[in-house]
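**Q** This is the structure, below, for whatever I ask next.
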Amino acid sequence: MNNIANKNYDANFYKYSKDKLFDAIQLSLSNGGDYAELFFENTKSNNIQYLDKKVDSMNLGVLHGVGLRILHNMKTIYLYSNNTSIDNIMKLAKEASSIINDIKHIPQNFRDGQINDSHPLHIDPFGIPFSDKINLLKSLDEKSRAVSDKIKQVSARYIEKERQILICSSRGIYAKDNQTYTRLISQSLASDGKETQSAHNSYGALDGFEFIKNIDIDKMSQDTSDIAIRMLSAGYPKGGTYPVVIENSFGGVIFHEACGHALEATSVADNASVFTGKMGQKIANEVVTAVDDGTIVNEWGSYNIDDEGNAAQKTTLIENGILKNYLVDILGEMKMKDYSITGSSRRENYQYPPTSRMRNTYIDKGNHTMEDLTADIKYGLYAKKMGGGSVDPATTEFNFAVVEGYLIENGKITHPVRGATLIGKGDETLMKIEKISNNLELADGMCGSISGNVPTTVGQPAIMVSSMTVGGR
């Protein structure tokens with residue numbers, strides 16, 4: 001049996017006989033099929049919202065269920081239920097298998113083995129009193145407001161989640177994991193009576209309350225409120241095409257959205273990506289190396305096993321501008337044949353079949369300084385903090401808002417500007433990244449796709465893009 005050290009499992013499905021679960025896999029494939037999988041989940045969560053100097057909402061929840069997936073001729077049959085009894089699992093298996101009429105498939109016996117826990121839980125957040133969590137949010141609110149009397153509203157949110165999963169499949173996998181997440185989010189709204197601007201900040205980890213305790217609340221409050229206040233008096237950039245320097249950390253959201261999704265087997269295998277068929281080819285400037293790594297200790301997008309039971313791994317997507325790997329799940333492997341599973345199959349919960357997804361995705365650091373990036377720019381934009389946007393994964397066309405921006409004039413970062421948008425195509429932008437700094441940082445976020453919303457990390461050092469279309473006022 002696969003176990004993870006120092007974890008306290010209490011989900012009832014962990015006690016099920018492996019023989020019974022194997023019987024369910026056999027029954028699922030009794031009328032044919034290429035692959036069968038059971039995914040069990042028991043997740044408890046807590047979400048506290050602090051708004052207008054008081055607790056606005058507190059949502060406690062438990063999600064418990066099982067999903068059964070059969071792959072046949074590269075098509076998916078998926079059933080799920082919140083009843084995880086053995087009798088109901090056999091019923092699901094019988095119903096799913098009845099759809100198929102083909103040659104019976106013999107599953108592999110479950111393999112014995114040990115899964116190493118690479119992400120130690122330091123302090124169980126569910127053991128911390130609610131009063132401590134509320135006091136944390138109250139402090140974040142008070143410190144954010146104390147920055148200036150222009151801060152008119154503060155929203156603070158604390159999130160904790162413990163996700164217990166068990167996966168068994170016809171490929172001989174029997175694996176379990178316990179994933180605990182904590183996250184702190186703040187938003188400050190500033191107003192001078194005429195204009196209103198807002199800014200937000202967040203920190204998240206695959207870890208417990210120790211991570212939350214170590215957040216610098218003073219800095220988080222100051223930084224968030226400062227951005228909102230600074231943007232109140234900011235001007236507007238002129239629209240046009242010119243150089244753009246995009247700061248590190250959440251600046252990596254553009255690569256994630258406009259390029260990362262196009263490297264997932266979800267789109268590549270169905271010829272719905274601009275990068276389909278380009279393995280081994282140059283798709284970026286040679287200064288660009290991009291990585292998707294599910295193994296970074298306690299990072300927000302990490303885990304021990306993915307939602308198909310495969311061990312997490314580090315995957316180099318682009319190396320010195322050359323496409324080296326796609327992100328591949330089991331269905332992607334079946335469709336693409338020449339590419340191996342990368343341990344990046346994910347789903348929001350048991351109600352979704354999994355698919356290939358990003359984990360901790362970042363452009364790797366270069367050897368330039370920030371001064372190097374701006375030195376030769378006569379007029380450009382410094383996008384210090386990125387916001388949301390929209391992307392067409394098939395074409396990589398994107399449109400992203402800049403939350404905090406500054407002009408670059410004669411090599412120097414000068415006046416703050418607001419209302420800027422960055423417009424372009426991800427594949428073209430990759431070729432225009434000419435300089436990369438050495439200040440790599442990561443940032444937490446949530447990513448949505450056909451398998452739901454999952455925790456993902458984006459990141460990069462500051463990068464200089466030789467030309468981008470900038471939307472102004």
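**Q** So which of Ser155, Ser85, Ser81 is in contact with a helix residue (DSSP H, G or I) (Cβ under 7 Å, 6 or more places away or on another chain) and polar (S, T, N, Q)?
**A** Ser81
**Q** Could you list, in sequence order, the residues of region 400-424 that are of a type outside the set (A, V, I, L, M, F, W, C) and crowded, with 17+ Cβ neighbours inside 10 Å?
**A** Glu404, Gly405, Tyr406, Pro416, Arg418, Thr421, Gly424
**Q** Is region 114-130 home to any residue that is closer than 30 Å to Arg230 by Cα and under 26 Å from the mean Cα position of the chain (by Cα)?
**A** Looking for residues that are closer than 30 Å to Arg230 by Cα and under 26 Å from the mean Cα position of the chain (by Cα), one finds none in region 114-130, hence no.
**Q** Within region 382-399, can you find the residues that are buried (at least 18 other Cβ atoms within 10 Å of the Cβ) and more than 10 Å from Ala258 (Cα to Cα)?
**A** Tyr382, Ala383, Lys384, Lys385, Met386
**Q** Condition check: modelled with pLDDT of 95 or more, in contact with a strand residue (DSSP E or B) (Cβ under 6 Å, 6 or more places away or on another chain), in a strand (DSSP E or B) and not acidic (Asp, Glu). Does Leu373 satisfy that?
**A** It is false that Leu373 is modelled with pLDDT of 95 or more, in contact with a strand residue (DSSP E or B) (Cβ under 6 Å, 6 or more places away or on another chain), in a strand (DSSP E or B) and not acidic (Asp, Glu).
**Q** Only one of these is over 19 Å from Ala175 (Cβ atoms), in contact with a helix residue (DSSP H, G or I) (Cβ under 6 Å, 6 or more places away or on another chain) and in contact (Cβ under 8 Å) with a residue 60 or more places away in the chain: Ser98, Ser30. Name it.
**A** Being over 19 Å from Ala175 (Cβ atoms), in contact with a helix residue (DSSP H, G or I) (Cβ under 6 Å, 6 or more places away or on another chain) and in contact (Cβ under 8 Å) with a residue 60 or more places away in the chain holds for just one of Ser98, Ser30, which is Ser30.
**Q** Next up: So is Asp112 part of a loop (DSSP other than H, G, I, E, B), touching a Gly at 6+ places or on another chain (Cβ under 6 Å) and in contact (Cβ under 8 Å) with a residue 60 or more places away in the chain or not?
**A** When the stated conditions are applied, Asp112 does not pass them.
**Q** I'd like the full set of residues that are of a type outside the set (Gly, Ala, Ser), over 30 Å from Lys384 (Cβ atoms) and surrounded by 24 or more Cβ atoms within 10 Å (Cβ to Cβ), limited to region 251-279.
**A** Passing the criteria: Thr266, Val268.
**Q** Can you tell me which of Ile128, Ile123 is within 26 Å of Thr182 (Cβ to Cβ), modelled with pLDDT of 95 or more and touching a Gly at 6+ places or on another chain (Cβ under 7 Å)?
**A** Criteria check complete, one pass: Ile123.
**Q** Among the residues of region 233-264, count how many are on the phi > 0 side of the Ramachandran plot and either outside any helix (DSSP H, G or I) or free of Cβ contacts under 8 Å to residues at least 40 places away in the same chain (or both).
**A** 1
**Q** Which residues, counting only those in region 300-317, are in a strand (DSSP E or B) and either free of Cβ contacts under 8 Å to residues at least 40 places away in the same chain or farther than 15 Å from Gln460 by Cβ (or both)?
**A** Answer for region 300-317, where residues must be in a strand (DSSP E or B) and either free of Cβ contacts under 8 Å to residues at least 40 places away in the same chain or farther than 15 Å from Gln460 by Cβ (or both): Ile305, Ala311, Lys314, Thr315, Thr316.
**Q** Can you name the residue in region 174-192 that is surrounded by fewer than 22 Cβ atoms within 10 Å (Cβ to Cβ) and among the hydrophobic types (A, V, I, L, M, F, W, C) and is also farthest from Gly65 (Cα to Cα) among such residues?
**A** Leu189
**Q** Checking the structure you have, find out if any residue of region 76-83 is more than 24 Å from Arg347 (Cα to Cα), surrounded by fewer than 17 Cβ atoms within 10 Å (Cβ to Cβ) and free of Cβ contacts under 8 Å to residues at least 60 places away in the same chain.
**A** The answer is no; no qualifying residue exists.
**Q** Follow-up. Within region 318-327, can one find any residue that is outside any loop (DSSP other than H, G, I, E, B), aliphatic (A, V, I, L, M) and under 17 Å from the mean Cα position of the chain (by Cα)?
**A** Yes, there is a match, as at least one residue in region 318-327 is outside any loop (DSSP other than H, G, I, E, B), aliphatic (A, V, I, L, M) and under 17 Å from the mean Cα position of the chain (by Cα).
Table: residues versus (1) under 23 Å from Pro455 (Cα atoms); (2) touching a residue at least 60 places away in the same chain (Cβ under 8 Å); (3) not aromatic (Phe, Trp, Tyr).
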site: Leu60; (1), (2), (3): yes, no, yes
site: Arg69; (1), (2), (3): yes, yes, yes
site: Ile86; (1), (2), (3): no, yes, yes
site: Ala93; (1), (2), (3): no, yes, yes
site: Asp102; (1), (2), (3): no, yes, yes
site: Ile123; (1), (2), (3): yes, yes, yes
site: Leu137; (1), (2), (3): yes, yes, yes
site: Gln153; (1), (2), (3): no, yes, yes
site: Ala156; (1), (2), (3): yes, yes, yes
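**Q** If I ask for residues that are within 19 Å of Lys425 (Cβ to Cβ) and either not in a loop (DSSP other than H, G, I, E, B) or not assigned by TED's automatic domain parsing to the domain that holds Gln313 (or both), which ones from region 265-297 would you list?
**A** Ser267, Val268, Lys282, Ala290, listed by residue number.
**Q** Additional query: What residue, of Leu68, Leu79, is under 31 Å from the mean Cα position of the chain (by Cα), at pLDDT 95 or above and farther than 20 Å from Tyr14 by Cβ?
**A** Leu79
**Q** Restricting region 250-305 to residues that are over 16 Å from the mean Cα position of the chain (by Cα) and β-branched (Val, Ile, Thr), which is nearest to Gly343 (Cα to Cα)?
**A** The qualifying residue nearest to Gly343 (Cα to Cα) is Val268.
**Q** What residue, among those in region 348-381 that are closer than 18 Å to Thr429 by Cβ and small (Gly, Ala, Ser), is surrounded by the most Cβ atoms within 10 Å (Cβ to Cβ)?
**A** Gly380
**Q** Go through region 420-436 and count every residue that is acidic (Asp, Glu) and in a helix (DSSP H, G or I).
**A** 2
**Q** Let me ask something else about it. Based on what the data block shows, is Gly332 on the phi > 0 side of the Ramachandran plot and modelled with pLDDT of 95 or more?
**A** no
**Q** Of the residues that make up region 207-227, is at least one closer than 30 Å to Asn310 by Cα and either surrounded by fewer than 18 Cβ atoms within 10 Å (Cβ to Cβ) or out of contact with any strand residue (DSSP E or B) (no Cβ under 9 Å at 6 or more places or on another chain) (or both)?
**A** yes
The values are calculated or read from the model by the stated rules, or taken from the named source; none is laboratory data. The shown structure was predicted, so the numbers you read here are calculated from the model rather than taken from an experiment. All Cβ positions, glycine included, derive from the backbone under ideal geometry; neighbour counts span all protein chains shown.
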